[in-house]
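What follows is calculated from the coordinates using simple rules that are stated; it is not laboratory data. Not measured: the values here are computed from a predicted model. Here the Cβ is made from the backbone with ideal geometry for all residues, glycine too, and neighbour counts use every protein chain on show.
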Amino acid sequence: MIQITLPDGSKREYPGPVTVAEVAASIGAGLAKVTLAGKVDGKLVDASDSIDHDARLQIITPKDEEGLEIIRHSTAHLVGHAVKQLYPTAKMVIGPVIEEGFYYDIAYERPFTPDDMEAIESRMRQLIAQDYEVVKRVTPRAQVIEVFQSRGEDYKLRLVEDMPNEAAMGLYYHQEYVDMCRGPHVPNTRFLKVFKLTRVSGAYWRGDAKNEQLQRVYGTAWADKKDLEAYIRRVEEAEKRDHRRLGRELDLFHIDEHAPGTVFWHPKGWTLWQQVEQYMRNVYRDNGYQEVKGPQILDKSLWEKTGHWDKYRENMFTTESEKRDYALKPMNCPGHILIYNQGVKSYRDLPLRYGEFGQCHRNEPSGGLHGIMRVRAFTQDDGHIFCTENQIQQECMAFTTLLQRVYKDFGFTDIIYKVATRPEKRIGSEESWDKAEGALIESLRASGCEFQIAVGDGAFYGPKLEYTLRDAIGRQWQCGTIQVDPSMPERLGAEYVGEDGARHRPVMLHRAIVGSFERFIGMLIEHYAGAMPTWLAPIQVCVLNITDSQADYAREVAKTLQNQGVRVNLDLRNEKITYKIREHSLQKLPYILVVGDKEKEAGAVAVRARGNKDLGAMSLEAFARQIADDIAQKA
C-alpha cells in the first residue's frame with residue numbers, strides 16, 4: 001500500500017503506485033479539474049508522474065504561486081508550437097519563466113514583425129481551443145539527440161551537450177511539437193487561455209554579444225483574466241514612468257554610444273544626484289561612519305588574493321602599465337580592508353564603520369544594459385563595518401533602523417525583509433554559520449520586522465539580509481543589503497588586538513542602503529513618475545513674469561528664495577504667460593510663481609503647485625515659509 005499524506009494532515013492509501021492526477025481525482029472531481037501538478041516531499045512533479053512510496057503531497061492548482069509559474073512555462077512551450085507551425089524553418093532555443101511572464105528565444109532568418117506577433121498569438125489561441133493533452137515522456141539521452149537531429153533543432157542539441165551527465169530527459173509533446181524541459185507542465189492546454197504576447201527584442205545566444213543574434217518573444221500568462229487586465233494596466237503605467245523617457249523629457253541625463261553603459265548627467269540630473277549624495281553623506285556623518293576614498297585602479301595581485309580574479313575576471317576592465325596588470329575596481333571592499341590595515345587596531349576601535357561613494361566598473365554584457373538601471377560604470381553607497389562576532393546582531397539592528405528611516409525620507413515605506421542563508425557550496429565552519437545566521441534573524445526580530453527565509457541564497461562566505469522596496473505601482477526592487485563576511489579579512493590579513501592581548505580576525509559587514517546611485521535614481525524617477533518631492537527636485541521653483549515691467553521684481557523674488565537655499569529658475573522670456581506656465585508644468589516642477597503688476601505692488605506671488613493647483617496669491621515671506629516646511633518634510 002502507498003500512503004499519501006495531504007497538507008491538512010489527512011492520509012489516503014492506494015494499492016500501488018499512483019499519479020498526482022489520480023490522487024486528485026480520488027479526492028474530488030472539482031479538484032481533479034484544476035490540478036496542474038504536485039509537490040511530492042517538497043519537489044514539484046507533473047500531474048502524470050507516479051508516486052511509488054509513502055509521501056507527502058500538495059496538489060498544485062492555478063491559485064498557487066508554483067501553479068502560475070507552470071502556466072507561464074507551458075505557455076512559452078505553446079509559443080514554440082505556434083511558431084513552428086507558422087515558420088517551420090525557425091529554430092527554438094530556450095523559453096524560461098521570468099517575473100510576471102516568460103520569453104522564448106528563437107533563431108529565424110528575418111526579424112518578426114508586429115503582424116508576425118499577431119499571427120503567433122492567434123495561432124496559440126487556435127491551439128488552446130483544441131483542448132489537447134500535453135504529454136510528458138522521459139526519454140533516454142541517445143533518443144533525445146535523435147529526436148532533435150531529425151527536427152533540425154541545432155540549439156536543442158547544444159543544450160543536450162551541456163548536460164553530459166543526464167542519462168534521460170523530459171520531452172513534452174504538444175501534438176506534433178516537442179520540447180525539452182525539466183518541467184513540470186500543465187496537463188492540458190485549457191489552462192493556458194489567459195495570456196498575451198507583449199513584445200519582441202533581440203538577444204544573443206548564451207547572452208554573449210560575440211555569439212549569433214536571436215529573437216526574444218516576450219509574453220505574460222495568468223490564471224485569471226482580471227489579473228491579466230491588472231497586469232496590462234501596470235505595464236502601461238510603467239511605460240509612462242520609464243526613466244529613460246523621463247530622463248530625456250526632463251533633461252536629466254543621456255546614454256551615448258561613445259561610452260556604452262555609462263551615464264552623461266545633465267545639469268538638472270546632476271543636481272538630483274547631488275541631493276541624494278549629500279543626504280547620504282549626512283547619514284554617514286550622523287551614524288558613526290567615517291567617509292573614505294579608495295583608488296580606481298588596483299594591482300592584479302590584490303584581486304587574486306580576494307578571489308575576484310579567478311571568479312570575476314570576465315566582468316573586470318583591465319589595463320597594463322610598466323609590465324604590471326591592473327583592474328578597475330568592480331567593488332570597494334578590498335580597498336577598505338587596505339585602509340583598515342594601516343596601523344594597529346584594538347577591540348576598543350570596533351565596530352569601525354567606513355563609508356565611500358565609490359565609483360566601480362563592471363563589464364556587463366551589452367544586451368543586459370538598461371538605461372541607468374544597469375550600467376558598466378556606477379557609484380555605490382558602499383559601507384563596511386569591521387566588528388567582532390558578538391557585535392553582528394547589534395550592528396544589523398542599527399542598520400535596519402537606519403535603512404528604514406532613509407527609505408521613508410525617499411518615499412519608500414513598504415519593505416520586504418529576507419534572510420539569505422547558507423548555500424550548498426560554502427566556506428567556514430557550521431558553528432560560524434549558525435552564529436551569523438542567528439544574529440541576522442534575531443536582529444530582524446528585535447527590530448519588529450516580519451521576514452522571509454531565502455534558503456541557500458547567501459554568499460559562499462556568509463549569510464545576508466536583503467531589503468526589497470515596493471514602489472508606487474507595486475513593483476519590487478531589491479535594494480539594500482548587509483552581508484556577513486569573515487573570509488575577505490582573512491584573505492587580506494585584517495586583524496585587531498583583543499582584550500586578551502592576542503591577535504584576532506574581525507568580521508566584515510558589507511552594507512549598502514541605496515546601492516548603485518544610478519539605479520536608485522532611476523527607481524526614484526519611476527516611483528515618482530518624474531515628479532520629485534520638493535527636497536529632491538532639481539528645480540524647486542520657477543519664477544515667471546507676465547510683462548517686462550515685472551522683470552526686476554521677478555529677479556528680487558528669485559534672489560530672495562535663492563538666498564534661502566531654494567533652487568530657482570527665472571523665466572523672463574517675452575512669451576505669453578499661459579505658454580510659459582504650460583511649458584514649466586510639463587517639467588513637473590513643485591512650484592511656479594507668477595508675478596504681475598498686482599503681485600509687484602503687494603510684494604506677493606501667485607502660487608501654482610504641481611498638478612495644476614492654483615494656491616492663489618500670498619506674500620513672499622509666507623511662500624518662503626511654506627517651501628521651507630515642504631523641503632524639511634522630505635517625502
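Numbers at a glance
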read-out: Part-to-part distance (alpha-carbon centres) for segment 87-121 and segment 446-468, which is given in Å; value: 37
read-out: Kirkwood Rh and Cα Rg combined as Rg over Rh, evaluated for segment 198-238; value: 1.18
read-out: Reciprocal of mean inverse Cα separation for segment 456-498 (Kirkwood radius, Å); value: 12.8
read-out: The chain, helix-only ellipticity at 222 nm - DSSP H runs n ≥ 4, -39,500 (n - 2.57), divided by all residues, nearest 500; value: -11000 deg cm²/dmol
read-out: Kirkwood Rh and Cα Rg combined as Rg/Rh, segment 283-376; value: 1.03
read-out: Those aspartates and glutamates that a straight Cα-Cα span of less than 18 Å connects to K408, excepting residues fewer than 8 apart in one chain; value: E277, D286, D381, E450, E466, D471, E526, D629, D630
read-out: Net charge of neighbours whose Cβ lies under 9 Å from the Cβ of M331, counting Lys and Arg as +1 and Asp and Glu as -1; value: +1
read-out: Largest to smallest principal axis extent of the C-alpha atoms in segment 293-336, angstrom; value: 26, 25, 17
read-out: Neighbourhood charge, 15 Å Cβ-Cβ cut-off, centred on R281 and excluding it, Lys, Arg +1 and Asp, Glu -1; value: -4
read-out: Qualifying trypsin sites (Lys or Arg not before Pro) for segment 259-353 [loop in DSSP, other Cβ within 10 Å: at most 14]; value: K293, K323
read-out: Translational diffusion coefficient (Stokes-Einstein; Kirkwood radius from C-alpha pairs) of segment 544-596 at 25 °C, 0.890 mPa s, in µm²/s; value: 216
read-out: Distance histogram in 10 Å bins (all Cα pairs of segment 1-158, percent per bin); value: 9, 31, 30, 21, 8, 1
read-out: Charge context of I71, other residues only, Cβ under 14 angstrom, K/R +1, D/E -1; value: -2
read-out: Ordering of 80-90, 252-262 by burial proxy (mean other Cβ atoms within 10 Å per residue, highest first); value: 80-90, 252-262
read-out: Alpha carbon centroid spacing (whole Å) that separates segment 308-361 from segment 143-180; value: 45
read-out: Binned Cα-Cα distance frequencies in segment 107-171 - 10 Å width, integer %; value: 17, 31, 34, 18, 0
read-out: Those residues of segment 456-475 whose amide nitrogen sits under 15 Å from the label point placed on T198, 7 Å along Cα→Cβ; value: 473-475
read-out: Potential extension, N287-D500 segment - 0.36 nm per residue separation minus Cα distance; value: 73.8 nm
read-out: Fraction in percent of alpha-carbon pairs per bin - 5 Å, segment 275-432; value: 2, 7, 13, 15, 19, 19, 16, 8, 2, 1, 0
read-out: For segment 542-631, alpha-carbon Rg relative to the globular expectation (2.2 N^0.38 Å, N residues); value: 0.97
read-out: Fraction of the pair-distance distribution of segment 361-451 above 19 Å, Cα-Cα pairs, percent; value: 59
read-out: Orientation-averaged projected area, Cα convex hull of the chain (nm²); value: 37.2
read-out: Radius of gyration and maximum dimension Dmax of segment 78-208, Cα, Å; value: 14.7, 42
read-out: Translational diffusion of segment 207-262, µm² s⁻¹ [Kirkwood Rh, Cα pairs; Stokes-Einstein; 10 °C; 1.306 mPa s]; value: 107
read-out: Nearest-0.05 FRET efficiency for Q278 and E621, computed from C-beta distance (R0 35 Å); value: 0.85
read-out: Whole-angstrom gap from segment 267-287 to segment 30-54, using each part's C-alpha centre; value: 53
